[in-house]
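To start, the structure itself, in structure tokens.
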Amino acid sequence: MDKKEFKQQFKKRLAEKFAMEVKDASATELYQTLGSIMTAHYSQDWRQTWQDYRDQQQKQAYYFSIEFLPGKMLKSNLLNMGWLEMIEEALQEMGISLDELAEVEPDMALGNGGLGRLASCFMDSIASCGLPGNGNGIRYEYGLFKQRFVDGYQVELPDEWLQKGNIWEIRKESKAVDVHFGGNVYLQEDANGLLKPVYENGYTVRAVPYDTGMVGYQNNIVNTMRLWSVEIPAEEEDRYRSIEDRRMIEDLTSVLYPDDSNEAGRKLRLSQEYFFVSAGVQSILRYYKQLGFSYDQINQYIAIHINDTHPAMCVAEFMRLLVDEEGLPWEKAWNLTVKVMSYTNHTIMAEALEKWSIPMMKEVCPRIYQIIEEIDRRFVNEMTGVQPADLVERTRIIQHGQIHMAHLAIIGSHSTNGVAKLHSDLLKSVVLHDFYVLYPTRFNNKTNGIAQRRWSQLANRSMTKVLNDTIGNSWNSDPKDIRLLLNYVEDDQVLDALADAKHENKVKLAEYIKRVKGIEVSPEAIFDVQIKRLHAYKRQLLNLLHIVKLYFDLKENPNLPIHPRVFIFGAKAAPSYHYAKSVIKAINEAANLINNDKSINDKLKIVFLENYNVTLAERIIPAADVSEQISLASKEASGTSNMKLMLNGAVTVATLDGANIEIRDAVGDENIAIFGLTETEVYRYYQEHNYNSAELYHNDPVIHKVLNAFVDGTIPNIAVEGQEILDSLIKYNDEFFVLRDFAAYCDAQESINEAYQDRRRWKQISLLNIANAGRFSSDETVKRYAEDIWQIEPVFAHNSERGANQH
Ligand code: CR1
């Protein structure tokens, strides 16, 4: 399609859809018109893609994830369709701004943080690499809450993202499946003497899929992200007549749980998990049956990925369908299940390893409970006498009245991976060591990656232009080629051009900050960024302590040679995470204090932007000079904002945690500021129990002064929160070693301050970060999943032919 054709179609579509002309239409109407042209266009490829998969009997992977966090899709779809510039120009010629249309789209936030965003980066890359892979999740009516600050406190508002409809999804009623909950189950011999379950007193809901096309990058491939929504089956209308009964059902896909690490074992959450697991697995098996192959080969056609433990019931549901419904013998079904399933662990935080009580699971999905019990019984049988008894006790699925979902996922799959080298090593050596002893070959690492096209070409167009002018545009499709930039590390023209691009982005962010917060910040200052969920282990508090220290230093000596800095935060706290909310309040009050103190001459500013989400990340990241990755070593499984910021030329201040280690390996020690305890040192403290934070408080005058600011009124309005924070650091012995790492952190920050003042050197460091970011492309990550875990192959060859025929 060319501009002329597009403009004609656009006007025609607008007239058909809304009976309007361009000059009369609202941004929403224009946006919907544009969207409908796009979906109409890529739907042909979409249909062709799944037909190709079917006709060529391609093995397909299904990525089961309780969260997806795609953000806005308008521009990324345009980019992937190869239409972005054409459409932008065509719209402009009609007097329409693409940016204004993009504003209309809600930020699709069916996820909390890293885990959900990773799933969406994978969806983009799987399609872009031409891999046959699909998403399977929940279509929540309400996404992650919207965050507002009132008097410095976080307030949560509902995210009604579907209010104006969702142009990207297609409701597929004909593909609905029924999911059964509750009641009792017992086994009875059928006519052939086989034991079959008989269900009593349960209830059935309908799962209706909404499919969204996952458009590959300029390759004519469109995969599917299938999200399930609950409905009351027409035949059951009578049963659910009261509002309460209906609500109980509708609640199933109503809200995303807003906690990214620990869900306090709620029944509704377990029901959500079973709902999307059962619907997804049933629909996969229905498709497989149409192919007409025997079950013996199902692992040659289907791979199911369990993203964190939330979909771990896939193991039991797959067994249920093969054994109960298809009549396969248990052993055979089990061998197939293990070959089909694979699992990723995303955190070592103990509270995030899901466990469910037996009574609750019996109540929600009694047959699944029975199957898990049987899996557990056979596991214990098989291991007894072969492995030490205590090892078997520690690794079995059911222990002390609870079902351990990670155990189910590991025992029931052929692959368990962590998300960065250090994390995967810790899984083997500590967290899942017992399982590593049992199944050494199942463990592997897949370091996370990011959808680099979104985080560079879409989010940072000024940098993209410099790169395209300098190294050509092969890196647009093959992110590894961004390495070509290494040839320009001594080229002042390129260094300046990149610095100018950064400056342009900072000017824009400064305008945004002025607009939404009323805070004046100078683009000449260092923009220092920490954007991620608020968690004690991520240590936003360490950042704040350092800011307060700088503030005191400046009060004492207004001529201190520090380059002005703007500390930018973006973070949501789980609504029930009291401590995290106190940290938010403290940062906001410190901001009030410091931003309004004329005596420090604007040398320090704190900006806590509300409602951090994908769209806000796209504004902040291109403007960042410094990337804060300061979690306590061993706690952050990987991190992915670290990769996005690096790609955008920010310099990382980091502990040796998660993927930071691999970032350091990529850029070299001189181009990153590493500080703090190593993972080994942290574990040594755990073993020797010899950390004493109170000592640091009493003996270190700097720490003393900084901490007192939280309780003596220096930072205003935090009498309660300040005390709580102080208690966490002193009374409860500083679980995340904030005080232990404080001095080292201040030194690292001082090295940043010095490095920034050598402008040429800084520009070089920045360039080296960009040039070495290619290895963190999720294209590379999903290729390794495809080869090592899913055994699926790209379908490029066929499609390029189709592409050729079309044009
Ligand atoms: C981890 O905390 C990682 C993402 C994606 C998060 C983060 O370090 O980058 O997963 N874990 O792998 C998580 O959300 C529920 O656990």
| task | Could you tell me whether region 277-288 includes any residue that is more than 16 Å from the ligand (Cβ to nearest atom), out of contact with any strand residue (DSSP E or B) (no Cβ under 8 Å at 6 or more places or on another chain) and of a type in the set (Ser, Thr, Tyr)? | result | yes
| query | What's the number of the condition residue 95 fails, among (1) modelled with pLDDT of 95 or more; (2) assigned to a helix (DSSP H, G or I); (3) of a type outside the set (A, V, I, L, M, F, W, C); (4) surrounded by fewer than 17 Cβ atoms within 10 Å (Cβ to Cβ)? | reply | (2)
| Meets criteria (surrounded by fewer than 21 Cβ atoms within 10 Å (Cβ to Cβ) and either in contact with a Lys or Arg (Cβ under 9 Å, 6 or more places away or on another chain) or touching a residue at least 24 places away in the same chain (Cβ under 8 Å) (or both)) for residue 127 | no
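Checking the condition away from the ligand (no atom under 16 Å from the Cβ) and in contact with a Phe, Trp or Tyr (Cβ under 9 Å, 6 or more places away or on another chain), which residue from 407, 400 passes? Quick ask: steps written out before the conclusion?
Details: 400 fails: in contact with a Phe, Trp or Tyr (Cβ under 9 Å, 6 or more places away or on another chain).
Of 407, 400, the one residue that is away from the ligand (no atom under 16 Å from the Cβ) and in contact with a Phe, Trp or Tyr (Cβ under 9 Å, 6 or more places away or on another chain) is 407.
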| Within the group 483, 515, 442, 453, which residue is surrounded by fewer than 20 Cβ atoms within 10 Å (Cβ to Cβ) and under 21 Å from residue 125 (Cβ atoms)? | 483
| query | Failed condition for residue 112, given (1) within 16 Å of the ligand (Cβ to nearest atom); (2) closer than 26 Å to residue 160 by Cα; (3) assigned to a helix (DSSP H, G or I), with all others met? | reply | (3)
| field | Residues of region 657-675 satisfying the condition of being surrounded by fewer than 24 Cβ atoms within 10 Å (Cβ to Cβ) and within 14 Å of the ligand (Cβ to nearest atom) | value | 661, 662
| remark: Filter region 81-90 for residues that are in contact (Cβ under 8 Å) with a residue 60 or more places away in the chain and more than 20 Å from residue 212 (Cα to Cα); the one that is nearest to the ligand (Cβ to nearest atom) is 87
| task | Would you check which residues across region 47-75 are touching an Asp or Glu at 6+ places or on another chain (Cβ under 7 Å) and assigned to a helix (DSSP H, G or I) and list them? | result | 74
| Among the listed residues 146, 164, which satisfies the condition of being of a type in the set (Lys, Arg) and part of a loop (DSSP other than H, G, I, E, B)? | 164
| Within region 10-38, how many residues are in contact (Cβ under 8 Å) with a residue 40 or more places away in the chain and buried (at least 18 other Cβ atoms within 10 Å of the Cβ)? | 7
| What is the residue count in region 138-153 for residues that are within 16 Å of the ligand (Cβ to nearest atom) and over 18 Å from residue 613 (Cβ atoms)? | 1
| task | Give region 183-242 a look and list any residue that's over 30 Å from residue 142 (Cα atoms), among the polar types (S, T, N, Q) and part of a strand (DSSP E or B), or say none. | result | 184, 188
| remark: When restricted to 500, 528, the only residue buried (at least 22 other Cβ atoms within 10 Å of the Cβ) and either of a type in the set (Asp, Glu) or in contact with a Cys (Cβ under 7 Å, 6 or more places away or on another chain) (or both) is 528
| So is residue 521 of a type in the set (A, V, I, L, M, F, W, C), buried (at least 22 other Cβ atoms within 10 Å of the Cβ) and in contact (Cβ under 8 Å) with a residue 40 or more places away in the chain or not? | yes
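The values are calculated or read from the model by the stated rules, or taken from the named source; none is laboratory data. Every value quoted in this text rests on a predicted model; they were computed, and no experiment measured them. A quick note on method: Cβ atoms are made from the backbone with ideal geometry, for glycine too, and the neighbour counts reach across all protein chains shown.
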